[in-house]
1. Filter segment 118-149 for residues that are surrounded by fewer than 12 Cβ atoms within 10 Å (Cβ to Cβ) and over 20 Å from the mean Cα position of the chain (by Cα) and give the result.
2. List every residue pair whose Cβ atoms lie under 8 Å apart, where the two residues are 6 or more positions apart in sequence or sit on different chains, the first residue falls within segment 146-164 and is more than 18 Å from THR18 (Cβ to Cβ), and the second residue, located anywhere, is assigned to a helix (DSSP H, G or I).
3. Any idea which of (1) surrounded by 15 or more Cβ atoms within 10 Å (Cβ to Cβ); (2) more than 30 Å from LEU153 (Cβ to Cβ) is the one VAL45 doesn't satisfy?
4. Among the residues of segment 58-85, write down those that are closer than 23 Å to ALA4 by Cα and without any contact (Cβ under 8 Å) to a residue 60 or more places away in the chain.
5. Are any of the residues in segment 135-156 closer than 25 Å to MET55 by Cα and not hydrophobic (A, V, I, L, M, F, W, C)?
6. Residues that are more than 15 Å from the chain's Cα centre (by Cα) and either farther than 17 Å from GLU129 by Cα or at pLDDT 95 or above (or both), at least 2 per element: which helices (runs of 4 or more DSSP H) completely within segment 1-117 meet that?
7. Among the residues of segment 130-164 satisfying the criterion of being in a loop (DSSP other than H, G, I, E, B) and among the aliphatic types (A, V, I, L, M), which is nearest to GLY42 (Cα to Cα)?
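The values are calculated or read from the model by the stated rules, or taken from the named source; none is laboratory data. What you see is a predicted model, and the numbers here were worked out from it, not measured in a lab. Heads up, the Cβs are rebuilt from the backbone with ideal geometry, glycines too, and the neighbour counts pull from every protein chain shown.
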Amino acid sequence: MLRANEFIEYLDRVHDRTRRIVVLIPREAVEWSPKPGWFSFGGLVRHLAGIERWMYAETVSGRPSRYPGHGPELADGYDAVLAYYDRLHAEARAAFATLSDERLNEKCTTPAGTPITVWKWLRAHLEHEAHHRGQLYLMLAMRDIATPPIYGLTAEQVRAASSP
């Protein structure tokens, strides 16, 4: 059974991996997107922050989602986007830290009206973050910005260290 403190520890590691990529976004490219109508760097970061705080933290706390979107009116410019990301993550983390082990096995309601076990909803949160982190990696690569391997080794290094 997942324990609340174990979730917080894992959340911290996931968030740290994402933040290491977020800070690589060029200041002058915060609103760049691969094509019109797609997420910009800033839009993705605002989305990650807003979804975590205003959807996941609210729903597991027994309240409805209050997700405000991901537009630049929420945080405009590199410094504001990073501050928004950090502030909303801290608020969401604080909400998650109040969850008991028992609460993790109770139900919450998604914005679609679907009841789901809290720990499963939190797992979906981390999958959602990993999905968008992958987008950030790809977008940075499209701009020729070097990124660190997510777990310390590149695919080529893992292959070289593997048995034939």
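1. Result: MET142, ASP144, ALA146.
2. Sorted first by the residue in segment 146-164, then by its partner, the pairs are LEU153/ALA161.
3. Condition (2) is where VAL45 drops out.
4. If we filter segment 58-85 for residues that are closer than 23 Å to ALA4 by Cα, which is where we start, we get 58-65, 85.
The answer is GLU58, SER61, GLY62, ARG63, PRO64, SER65.
5. Yes, segment 135-156 has at least one match.
6. 4-22, 57-60, 78-97, 101-104
7. Restricting to residues being in a loop (DSSP other than H, G, I, E, B) and among the aliphatic types (A, V, I, L, M), the top hit is ILE145.
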